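The values are calculated or read from the model by the stated rules, or taken from the named source; none is laboratory data. These figures come from a predicted structure and were not determined experimentally. In this analysis, Cβ positions are derived from the backbone assuming ideal geometry, glycine residues included, and neighbour counts consider all displayed protein chains.
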Amino acid sequence: MSQPTKKVLITAFEPFGGSHVNPSEQAVQLLAGWQIPERRIPELEISVDLLPVAGGAAGLRLLERVRREAPDAVVCLGESATATGITLERVAVNLRDYRIADNSGQQVVDQPVVAGGPTAYLTTLPVREMATAITALGIPAELSLSAGTFLCNEVMYTVLHYAATEQPSLRAGFIHVPQLPEQVALGGRGRASMDRLTTARGIAAALTAVAAELRNGP
Ligand code: PCA
């Protein structure tokens, strides 16, 4: 008997911080275009969106989409200049403390994401299984305790707060991806990088673990 289809919303971020590309956007373009074999997960109906790197606006856009589409899971992606592999975030904190200005020019310091909200939320994605699925392909993956205090943490906290308060069945979390080789080369520093195809394959593998979790869930 075929499984009922589950809806997964995947988001990426636009470029920021003076860069012309964002590896999360490029990986999501490959996922959306069915350009990688691992993408074929019949029981998942995948939709994608691109979020602005703008405080407040990113979360509003994400929640508007979540309310409209009512997905079963939300997987948000963003770039990290320090990630050495595909990085599955475990915790979102109720803190906005931007190390640089966002794309609208605002640099928020020491503000909560949601006034009066809990200090933190744990991811509701099966991050351990996702990491295992990624590394099984020979692609580096790790779990992380903090998505930072910039936009990535902000959207992760925003969607987890929405789930906790309005849609408890919704699974949500955040994945940081390394910079592209060309970004690291431009920066002139010996940092880790990952090409877009490898990143997209890793994310697709992680989605198979999400699909398994949704299959077994309520
Ligand atoms: N990375 C930033 C915001 C946008 C992105 O791709 C972050 O780590 O918060």
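Below is a table of values for the structure above.
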{"read-out": "Subset of the range 55-82 (residues that are closer than 18 Å to Met130 by Cβ and among the β-branched types (Val, Ile, Thr))", "value": "Val74, Val75"}
{"read-out": "Among (1) out of contact with any helix residue (DSSP H, G or I) (no Cβ under 9 Å at 6 or more places or on another chain); (2) part of a helix (DSSP H, G or I); (3) away from the ligand (no atom under 12 Å from the Cβ), the one test that Ala206 misses", "value": "(1)"}
{"read-out": "Out of Thr132, Thr158, sole residue that is under 22 Å from Val74 (Cβ atoms), within 16 Å of the ligand (Cβ to nearest atom) and part of a helix (DSSP H, G or I)", "value": "Thr158"}
{"read-out": "Every residue from the range 18-59 that is at positive phi and modelled with pLDDT under 95", "value": "Gly18, Trp34"}
{"read-out": "Pair list, Cβ < 7 Å and 6+ apart or interchain, from the range 147-166 residues that are closer than 18 Å to Phe13 by Cβ to residues that are surrounded by fewer than 24 Cβ atoms within 10 Å (Cβ to Cβ) and among the acidic types (Asp, Glu)", "value": "Thr149/Asp97; Leu151/Asp102"}
{"read-out": "Enumeration of residues in the range 63-95 that are charged (D, E, K, R) and within 10 Å of the ligand (Cβ to nearest atom)", "value": "Glu79, Glu89"}
{"read-out": "Odd one out for Arg67, checked against (1) crowded, with 22+ Cβ neighbours inside 10 Å; (2) outside any loop (DSSP other than H, G, I, E, B)", "value": "(1)"}
{"read-out": "Residue count for the range 150-169, restricted to those that are of a type outside the set (S, T, N, Q) and over 15 Å from the mean Cα position of the chain (by Cα)", "value": "6"}
